Amino acid sequence: MVKLITTRPKEKALLVGAFRNGESPGSIMELEALAISAGAVVVGQITQKRSAPDSAFFVGRGKVEEIKARSEVEDVDVIIFDDELSGAQVANLQELTGVRTIDRTNLILDIFAQRAKTREAKAQVELAQLEYLLPRLAGRWSHLERQVGGIGTRGPGETQLESDRRQVNKKIEHLKKALKEIDRQRATQHKKRGEVYRISLVGYTNAGKSSLFNQLTRSQAKVENRLFSTLDSTTRILKFPYFPKVILTDTVGFIRKLPHHLVASFRSTLSEVLEADLLLHVVDASRPDCREHIAEVKKILVSIDAAQIHEILVPNKIDQVQGGALPEMGGGFWDIVPVSALKGTGVLALTNKIEAFLKSIAFQQQNGYRLSS
Ligand code: GDP
Ligand code: MG
């Protein structure tokens with residue numbers, strides 16, 4: 001995959017979003033945060049209301065002209081679409097506007113590639129990038145063939161495409177094997193740990209998971225006001241009088257339209273979530289759209305088969321909530337404990353609640369009840 005924003009910092013980006021009626025503009029605001037996170041300067045946004053995406057350009061032809069004009073005026077380096085584009089759409093847009101065009105998935109993959117530190121995270125991101133690229137190879141070549149003009153070019157074009165595909169597939173197989181091996185090693189390590197309880201922090205990116213992790217463990221996980229600063233899970237032991245071995249894990253945050261390839265290849269990192277006895281679902285309660293964030297996280301939990309695990313909802317940043325009144329957070333939680341991970345407010349109450357939960361499942365285990373609800 002082409003390196004996008006990483007190589008030249010402060011590239012000028014123009015954002016483009018298309019909305020169906022009733023959709024919230026939250027997604028494009030988030031795209032702006034993502035673009036900034038990747039090191040770009042956002043010079044403008046262009047949106048369009050559409051019922052269905054245009055097969056050639058995603059947006060309407062007139063919109064493309066507007067995008068082109070705006071790109072020229074602002075001297076834009078990269079156009080970023082809020083939705084996933086096909087290879088052909090990217091090629092068409094680039095041809096018409098003369099500006100490099102990427103989509104939200106591409107941008108998120110790029111940020112993940114920048115942040116990946118360990119061998120595992122790097123392999124997971126690369127796998128997701130290649131799987132994103134694979135179906136787009138064809139679009140590229142058929143587009144080139146059309147440009148060159150059919151006869152005579154088709155043979156070499158297809159050969160090139162075939163060999164590209166073969167190479168990408170080979171790389172994918174190789175990465176999958178490497179990841180399986182890392183996964184196997186982890187499984188053996190887990191077995192050695194013996195009888196323990198596991199708790200995972202989950203939540204939207206920037207909700208305050210790492211801050212809460214630090215409060216609960218008094219350690220120094222990286223806290224940053226940027227998206228996806230935590231890609232690898234961090235683990236610490238929590239100590240309770242009756243439960244000397246409770247493992248707390250800080251995980252990667254979730255976001256709307258998280259590329260499905262990324263979710264798939266981060267499955268093993270997310271397996272920490274799957275193995276948990278309890279999830280601390282952290283949400284930024286100071287955001288007006290916090291319910292949407294909760295719903296999005298729930299959706300991802302369903303997609304990784306973690307929906308049956310008990311959750312304590314932890315509305316965070318209550319120091320920032322106007323008037324101190326929390327919005328309605330919805331149901332489906334074992335309990336709800338508001339905190340300020342920054343100030344430490346409510347952290348003791350949360351610790352007590354965690355202990356109460358552990359007692360209840362220990363009681364169930366002693367009496368032979370099933371663990372999951
Ligand atoms: P994560 O992405 O969920 O791990 O979030 P972080 O723990 O990295 O925090 C994201 C940002 O929110 C950082 O700038 C934190 O300082 C800030 N933050 C976290 N908890 C609180 C809180 O309780 N109150 C306020 N005001 N800010 C917080
Ligand atoms: Mg974090």
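Note on the range 296-327: among residues that are open to solvent by less than 20 Å² (accessible area, probe 1.4 Å) and of a type outside the set (V, I, T), the one that is nearest to ligand 2 (Cβ to nearest atom) is N316. Restricting the range 244-265 to residues that are within 16 Å of ligand 1 (Cβ to nearest atom) and over 20 Å from H293 (Cα atoms) leaves a set whose member that is modelled with the lowest pLDDT is T249. For the condition more than 22 Å from L34 (Cα to Cα), modelled with pLDDT under 80 and near ligand 2 (Cβ under 10 Å from one of its atoms), T230 does not qualify.
Name the residue that is farthest from V90 (Cα to Cα), counting only residues in the range 106-128 that are buried (at least 22 other Cβ atoms within 10 Å of the Cβ) and polar (S, T, N, Q). Ranking the qualifying residues of the range 106-128, first place goes to Q124. For the range 312-328, the candidate set comprises residues that are touching a residue at least 40 places away in the same chain (Cβ under 8 Å) and touching a strand residue (DSSP E or B) at 6+ places or on another chain (Cβ under 6 Å); within that set, the residue that is farthest from S286 (Cα to Cα) is I312.
The condition of being modelled with pLDDT under 95 and part of a helix (DSSP H, G or I) does not hold for I67. As a summary of the residue check, F240 satisfies the conditions (1) touching a helix residue (DSSP H, G or I) at 6+ places or on another chain (Cβ under 6 Å); (2) within 16 Å of ligand 1 (Cβ to nearest atom) except for the one numbered (2). Residue-level check: of (1) in contact with a Lys or Arg (Cβ under 8 Å, 6 or more places away or on another chain); (2) in a helix (DSSP H, G or I); (3) open to solvent by 60 Å² or more (accessible area, probe 1.4 Å), H293 misses just (3). Residue-level check: of (1) open to solvent by 50 Å² or more (accessible area, probe 1.4 Å); (2) within 17 Å of the chain's Cα centre (by Cα); (3) over 14 Å from K12 (Cα atoms); (4) charged (D, E, K, R), E30 misses just (1). Take the conditions (1) at pLDDT 80 or above; (2) crowded, with 19+ Cβ neighbours inside 10 Å; (3) not acidic (D, E); P241 misses just one of them, which is (2). For the range 309-328, the set of residues classified as part of a loop (DSSP other than H, G, I, E, B), among the hydrophobic types (A, V, I, L, M, F, W, C) and within 22 Å of the chain's Cα centre (by Cα) consists of I309 only.
In the range 148-167, the qualifying residues are those that are of a type in the set (A, V, I, L, M) and loosely packed, with under 15 Cβ neighbours inside 10 Å, and the one that is modelled with the highest pLDDT is I151.
Residues in the range 199-207: is at least one away from ligand 2 (no atom under 13 Å from the Cβ), β-branched (V, I, T) and modelled with pLDDT of 90 or more? Yes, there is a match, as at least one residue in the range 199-207 is away from ligand 2 (no atom under 13 Å from the Cβ), β-branched (V, I, T) and modelled with pLDDT of 90 or more. With respect to the conditions (1) in a helix (DSSP H, G or I); (2) at pLDDT below 95; (3) out of contact with any Phe, Trp or Tyr (no Cβ under 8 Å at 6 or more places or on another chain), L350 falls short on a single one, namely (2).
Of all residues in the range 252-286, those that are more than 27 Å from I182 (Cα to Cα), within 16 Å of ligand 2 (Cβ to nearest atom) and not in a strand (DSSP E or B) total 0.
The values are calculated or read from the model by the stated rules, or taken from the named source; none is laboratory data. None of these values were measured; they are calculated from a predicted model. When we count neighbours, we look across all protein chains shown, and the Cβ atoms used for this are built from the backbone with ideal geometry, even at glycine. Side chains included, ligands, DNA and RNA excluded: accessible areas come from the protein's heavy atoms. Shrake-Rupley method; radii C 1.70, N 1.55, O 1.52, S 1.80 Å.
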